[in-house]
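A.B. asks: Handing you a structure now.
The values are calculated or read from the model by the stated rules, or taken from the named source; none is laboratory data. Values in this document were obtained by computation on a predicted structure and should not be read as measured data. We place every Cβ from the backbone using ideal geometry, glycine too, and count neighbours over all the protein chains shown. Just so you know, the surface numbers come from the protein's heavy atoms only, side chains and all, with ligands and any DNA or RNA stripped out. Shrake-Rupley method; radii C 1.70, N 1.55, O 1.52, S 1.80 Å.
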Amino acid sequence: MDVERENSTLSVTAESSIPGSDVQDQNPIISSVQPVITPIVPPLAPIPAVPSSLVRPLAQLPIRPPVTQNGEVGSSDSDSDDDADTRINKGTGEYEISEESKLARERQEKVVQDLMMKRRGAALAVPTNDMAVRARLRHLGEPITLFGEREMERRDRLRMIMAKLDADGQLEKLMKALEDEEAATSAPKYETEDDQEYPFYTEASKSLLNARIDIAKYSLVRAAMRIQRAERRRDDPDEDVDAEMDWTLKQAANLNLEFSEIGDDRPLTGCSFSRDGKGIATCSLTGASKLWSMPNVEKVSTFKGHTERATDVAYSPLHNHLATASADRTAKYWNDQGSLLRTFEGHLDRLARIAFHPSGKYLGTASFDKTWRLWDVEKGEELLLQEGHSRSVYGLAFHHDGSLAASCGMDALARVWDLRTGKSVLALEGHVKPIHGISFSPNGYHLATGGEDNTCRIWDMRKKKSLYTIPAHSNLISQVKFEPQEGYFLVTASFDMTAKVWSGQDFKPVKTLSGHENKVSSLDVLGDGGYIVTVSHDRTIKLWSSSTTSEHAMDVD
């Protein structure tokens, strides 16, 4: 039965697969197949047509004309990419750049170059030691220093020079040459027989040793007396220092021109009061020195002995003998009668300023040979040749105790020396141009300097720094002098044809001494501060005095 049922089923299937065959009689079998339902999709809305009148035609692209270059017509075929690129490159060369655009581009390039130079310089290793910086500049063939240049400015200059060489590709070659030179010149310590350490000392002569001992004894006594007097004035209720200073400044404010006299046929270069205040000594470019009486400024005698122009004159603090300096490289020592007592020879260049030691036994001379020297007045012997300045030495002064000496010169540096040991105890840097005048204050710790930067600087030797800067004149300062008894005021002379008086306490202006018609070359202050003498290139000597000088003279210890 099962076999028959399967056969009937197969036959029905075969018949249904024949096209055109009648399958309606097989309903029971076909009804078991589920019918397929087709989803009904609604018709889309028709898109409205745009009127042809609203359609705007597209603009045609501009056609670049063929480029003419070197008399040939460029290809206009745009089908080739290579031809199009060539045409564009050719066309870019035809645009002209205006002068303003060129200048702007050059400025921009310069700014970029400067920035890159600074970046390159910041990446370089530059020495921090000033001596190493100077040595590097010297090996590179550059100036080791410029006028008014400080240490940091010098280091920045070296950095920019090295950066420029680095940009040019020459730095490595120069540095290699520098290293080879240093390696060739430097030898190991065990190979050198006489190693020299700095600072080094040279053995002094017996006379210099005795002079140092004598100066030490003299200065200790003077310093003790100065300190005792200062303590007494401080503790004594009857001593009114402020009132005395006010009176002195008031007297200085009343300074007036008392006498004016033609001093020589050529400009005057130096002047000095005698120890007793009864005479004035002057010198000039003629080489002669003259003595004048006080207070009428009448000529007493003339000293002639130098073969070149005289540069300075100074009275001895011990007696009325005087010393003169000259461009003939010598200094001469005279008595008050005009007789020549000593001639000090040894300098290699012309002399500038001279000064006596407070003891009167020694004379200091400053010279353009970059040294200053100490001489024994009685023997005429050179005791000390002191180096230490890189350029000419112009000014020289001694401390009132006699223990210190101060020198200044064209290197814009002032140095303080201990005469008892020979050491340089202070190097005062601050001026940006040569220093011409220097003076110790009687208080023992102030030092004044003046130079070509038109300023006068007050230094505190206790703090080892500049205490005050006075914008004193409109031209270079040729000389500075403290009032020699108490230091209550300071006087400066200048090439602006004036001399000015400044307070020794707050350094405010007190009086301007106007009257010269040319550069004021030198000045001096009398012991009690009542008289000031100035000399000038107008060949005149001018004596300034206060109206109260004869009535109230300040006590002199």
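A.B. asks: What is the pair-distance distribution P(r) of the stretch 369-471, computed from all Cα-Cα distances in 10 Å bins starting at 0, with each bin given as a whole percent?
C.D. replies: 16, 50, 29, 6, 0
A.B. asks: Estimate the FRET efficiency between F147 and N443 by the formula 1/(1 + (r/R0)^6), using the beta-carbon distance for r and 30 Å for R0, to the nearest 0.05.
C.D. replies: Calculated value: 0.35.
A.B. asks: Using only Cα atoms, what is the ratio of the radius of gyration of the stretch 336-407 to 2.2 N^0.38 Å?
C.D. replies: Relative to the rule-of-thumb radius for its length, the stretch 336-407 sits at 1.08.
A.B. asks: Still on this structure, please answer the following. Under a 1.4 Å probe, what is the accessible area of the stretch 358-416 per residue, stated in Å²?
C.D. replies: Dividing the accessible area of the stretch 358-416 by its residue count gives 29 Å².
A.B. asks: Something else about it: Quickly work out the K423-to-E517 label distance, labels modelled 7 Å from Cα along the C-beta direction, and quote it in nm with one decimal.
C.D. replies: Spacing of the two 7 Å Cα→Cβ label points: 5.4 nm.
A.B. asks: Could you state how much accessible area R150 has, in square angstrom rounded to the nearest 10, with a 1.4 Å probe and all protein chains kept in place?
C.D. replies: Result for R150: roughly 140 Å² accessible.
A.B. asks: While we're looking at this one, here's another question. Mind listing the long-range amide H neighbours of A412? Cut-off is under 5 Å, sequence gap 5 or more, other chains count too, H placed in the peptide plane at 1.01 Å from N.
C.D. replies: Those lying under 5 Å, H to H, from A412 are I435.
A.B. asks: Hey, another quick one. What does the convex hull of the Cα atoms come to per residue for the stretch 461-535, in Å³?
C.D. replies: Cα-based convex hull of the stretch 461-535, divided per residue, equals 94 Å³.
A.B. asks: What whole-number value in Å² describes the accessible area per residue of the stretch 428-557 for a 1.4 Å probe?
C.D. replies: Heavy-atom accessible area per residue stands at 36 Å².
A.B. asks: Expected output is a single nm value to one decimal: the length gained when fully extending between Q170 and N254, i.e. 0.36 nm times separation in residues minus the C-alpha distance. What is it?
C.D. replies: 23.5 nm
A.B. asks: Label the stretch 125-166 by shape, choosing from rounded, prolate and oblate, from the square roots a ≥ b ≥ c of the eigenvalues of the Cα gyration tensor; if a/c is under 1.5 it is rounded, and otherwise prolate applies when a/b is larger than b/c, oblate when it is not.
C.D. replies: Judged from the Cα gyration tensor, the stretch 125-166 comes out rounded (a/c under 1.5).
A.B. asks: Also, I was wondering about something else. Full extension from V112 to D506: what is 0.36 nm times the residue separation minus their Cα-Cα distance, to one decimal in nm?
C.D. replies: Answer, rounded to one decimal: 136.8 nm.
A.B. asks: Which lysines have a Cα lying under 26 Å from the Cα of K290, excluding residues fewer than 8 positions away in the same chain?
C.D. replies: K278, K299, K304, K332, K361, K379, K481, K500, K519, K542
A.B. asks: Accessible area of W459, 1.4 Å probe, to the nearest 10 Å²?
C.D. replies: We get 10 Å² for W459.
A.B. asks: Using amide H atoms built in the peptide plane, which far-off residues or other-chain residues are under 5 Å from I541 H to H?
C.D. replies: E261, I262, G263
A.B. asks: How large a share of the accessible area of the stretch 360-486, in percent, is made up of carbon and sulfur atoms when the probe is 1.4 Å and the other protein chains stay in place?
C.D. replies: Carbon-and-sulfur percentage of accessible area, whole number: 44.
A.B. asks: Starting from the Cα of W247, step 7 Å along the direction of its Cβ; do the same at D276; then give the gap between the two resulting points in nm.
C.D. replies: Those two pseudo-labels are separated by 2.6 nm.
A.B. asks: Lysines within cross-link reach of K118: Cα-Cα under 17 Å, excluding same-chain residues under 8 positions apart?
C.D. replies: K110, K164
A.B. asks: Now a separate question. What are the residues whose amide H is under 5 Å from the amide H of Q485, where those residues sit 5 or more places off or on another chain and H is modelled from the backbone?
C.D. replies: Those lying under 5 Å, H to H, from Q485: there are none.
A.B. asks: May I pose another question? Take each of the peptides 133-143, 273-283, 487-497, 501-511, average the number of other beta-carbon atoms within 10 Å over its residues, and list them starting from the highest.
C.D. replies: Going from most to least packed, we get 487-497, 273-283, 501-511, 133-143.
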